[in-house]
Every structure is written in structure tokens, then in C-alpha cells.
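Values quoted throughout were computed directly from the atomic coordinates according to the rules given, and no laboratory measurement underlies them. As the structure is a computational prediction, the values presented were derived from the model and not from experiment. Don't worry about glycine lacking a Cβ; one is built from the backbone with ideal geometry, like all the others, and counts go over all protein chains shown.
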Amino acid sequence: MYQLIAFDMDGTLLGSDKQISPGNRRAIAAAARAGKTVILNTGRCLSELEEYLGLIPEVRYLNCASGALVYDLKEKRTLYSSLLSVETVKQLLELAAMEQAMPHILLEQCIVQKSHCKQMERFGMGVYQDQFNRVTVKWEDIGRMYGEKPFPAAKVNIYHTSPQSRDRTEERIRASGLEVAMARAETTSLELSAPGCDKGVGLEKLCACLNLPMEQTIVVGDADNDLEALKKAGLAVAMANAGEAIKAVADVVVADCDHDGCAEAVERYLLRP
């Protein structure tokens, strides 16, 4: 019997409108009433999640920033973290600048450059424009200002103007020998985390804190950054809108993010007798 279900956010729990549907909210509430644990298993950082948490008060634990930060909302404390060094963040900002790409630094807050935030569509991230306007900290010059006040980061996302531009950044990272975990997301996004850091590791750390075997977990996702968590789950669930690589490792496929696929996962697999 499964005891925990972990939902990715974008393309999974969130519909194309970036909202949590009433059906998915009802399913989360039903899972909680049945004594199950529902967590968010996301690349977003804490500040990017706050506007949703009031809609799903049953969620206590977050595996956020793609596994770099595991957080207990009730006790307001970090259970586990794996951060990028200051020197690594500086190098990633330099690589982003080479492609005139948009870097995004995540810890508990998320930081972007003001000029980039005004042209999200150019970086393949137009659907997030309103959200970034609301929740990000905007610096005039992200490279200079980070250099003046550096800090270890949970993750750095780099949003490119094309898939080819992303390919070049990946090649430069490999050629430089920079030790980071890389995952593709969206159409032009590259997510960079500390070596060995991914959603699967974060989920393992949380389950260890909860004394819960991984065999009793369900992971639901749609994108490459969900891959390691799906591989480690007791049941791997792909959304109908997931990429083929995700469907290939999934045990089952549910409806897409606009048709309550997450509610289907709860009802068919988490709450089954």
C-alpha cells in the first residue's frame, strides 16, 4: 500500500493556466483525510510556491529546487540541503552571459535580472511572466550584484533563446569540467544543481526523515528533471503530456495536466484498497 505521493508542479499538478484545479485540490484533501502524505516535488523554490500553499494546506513537506532543499512547512525548517558553491554560481552566470541567456538564482527566494524579466517570452518562458513579476527579486545587474553579495545557491536555471543556445551552454559546462548536475526543462531551460543532487535524492532524504520506505511512494511527473525521482519511486506515474523519455520509465500514464491527471493518480493508485 502506498503512503506518500509526490507531485511535480509545472506540467503536472498545475494546468496550462498555472493553477491547481478544483479536482486536484479535492483529491489532495481526500488523500490527507485517508492519512496519506502529499508532497510537492518541484524545481521551484519556496517563494515560487507560496501563492499555492494556501490552496493545499494539507501539504506539509516540500522537495523543492529539484531536490536541493527539503523543507518542513509546519516547523518552518530545512530538513536537507545540497547547495552550489559561490564559485560555481559565478561561473554559471558567466556562461549564461556568453549566450545572452537569462539566469535565475534560487535559494529560498529567487533572483533574476530586471531587464530579462521584462522579456520572458524571448527566453521561452512567457507563460511564467506574471508569476515572475509577482514573486522574483529583480536585480539591475545580476552578474555584478551577485559578485558583490555572493551566497551558495540551491539551483541556477538558465533560460535560453533557443534549444541550440541551450546545447552550447551544456557543451561549455562539460568542456569546463564544472561539477554540476544538469537537467533540461521547458523548451530552452537548463537547470543546474550541486553534483549528485536531483529530485530522487531529495525524496530519499525526506523519506528517511519520515521512516518511510521508498517502495511506498508514488511520484508523478512530466519532464526530464522528474526522471531520477520516478526511477526511485515505488510507482512511477507519467502525465499524458509528459515527454517520451518520461513515459518510457513510468509504470503507468494518467490524464494530462489540464484534465486532472494528479487526481486520477490519487484515486486509482494512492487510495485504492
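Worth a mention:
- Restricting attention to segment 86-193, close to 85% of DSSP beta bridges with both partner residues there are antiparallel.
- Here segment 86-193 is assigned +1 on the Cβ of each Lys and Arg and -1 on the Cβ of each Asp and Glu. Its dipole about the Cα centre then comes out at about 160 debye.
- Mean Cα-pair separation over length for the chain, i.e. relative contact order, pairs under 8 Å, 6 or more apart, %: 23 percent
- Net length gained if the chain between Arg272 and Lys231 were fully extended (0.36 nm per residue, minus Cα distance): 12.6 nm
- Listed candidates [x] 158; [y] 114; [z] 135 - label of the one calculated as volume of the Cα convex hull per residue in Å³: [y]
- Karplus-derived 3J(HN,Hα) values for segment 215-224, using 6.51 cos²θ - 1.76 cosθ + 1.60 with θ = phi - 60°, are 4, 9, 10, 10, 10, 10, x, 9, 10, 4 Hz; glycine and proline are entered as x.
- With at most 16 neighbouring Cβ atoms within 10 Å, loop GluC sites (Glu not before Pro) (DSSP) excluded, longest segment of the chain: 180-273
- With a cut-off of 15 Å between beta carbons, the residues surrounding Ala29 carry a summed charge of +2, where Lys and Arg count +1 and Asp and Glu -1.
- What the phi angles of segment 250-259 give under the Karplus curve with 6.51, -1.76 and 1.60, with θ = phi - 60°, is a coupling list of 6, 7, 9, 10, 10, 4, 6, 5, 9, 9 Hz, glycine and proline written as x.
- Charge context of Pro57, other residues only, Cβ under 12 angstrom, K/R +1, D/E -1: +2
- Most fluctuating residue given options Cys110, Cys262, Cys207, as computed from a GNM of the chain linking Cα atoms under 10 Å: Cys207
- For a label point 7 Å along the Cα-to-beta-carbon line of Asp224, residues of segment 232-255 with backbone N under 13 Å: 243-246
- 3J(HN,Hα) from dihedral phi, segment 148-161, Karplus parametrisation 6.51/-1.76/1.60, rounded to Hz, x for glycine, proline: 6, 9, x, 7, x, 10, 6, 6, 10, 9, 10, 9, 9, 7
- Top of Ile246, Ile20, Ile173 by mean-square fluctuation, Gaussian network on the chain, Cα under 10 Å: Ile173
- If both residues of a DSSP beta bridge must be in the chain, then about 55% of such bridges are antiparallel.
- Think of segment 1-117 as having a plus end and a minus end, set by charges on the Cβ of Lys, Arg, Asp and Glu; of Leu49, Gln19, Val38, Val38 sits farthest toward the positive end of this dipole.
- Considering only Met125, Met98, Met182, the Gaussian network model of the chain with Cα springs below 10 Å gives its largest mean-square fluctuation to Met98.
- Dipole-positive endmost among Ile105, Tyr159, Gly126 within segment 86-193 (Cβ charges, Cα centre): Gly126
- A simple count of charges around Gln131, restricted to other residues whose Cβ falls under 12 Å of its Cβ and scoring Lys, Arg +1 and Asp, Glu -1, yields -3.
- Amide H contacts under 5 Å for Thr37, placed H, 5+ residues apart: Leu4, Ile5
- Remark on Cys197: its backbone amide H falls under 5 Å from those of Ala181, a criterion applied only to residues 5 or more positions apart or on other chains, H modelled at 1.01 Å from N.
- Entry note, segment 123-273: relative contact order of 15 percent, from Cα contacts under 8 Å with a spacing of 6+ residues.
- Amide H within-cut-off set for Leu79, under 5 Å, with H built and near neighbours excluded: Val70, Tyr71, Asp72
- Lys, Arg +1 and Asp, Glu -1 on Cβ, resulting dipole of segment 1-95 about Cα centre, debye, nearest 20: 460 debye
- Given their separation in residues at 0.36 nm each and the Cα-Cα distance between them, Arg26 and Glu140 gain 36.9 nm when the chain is fully extended.
- Over segment 86-193, Cα pairs under 8 Å with separation of 6+ residues give a relative contact order of 32 percent.
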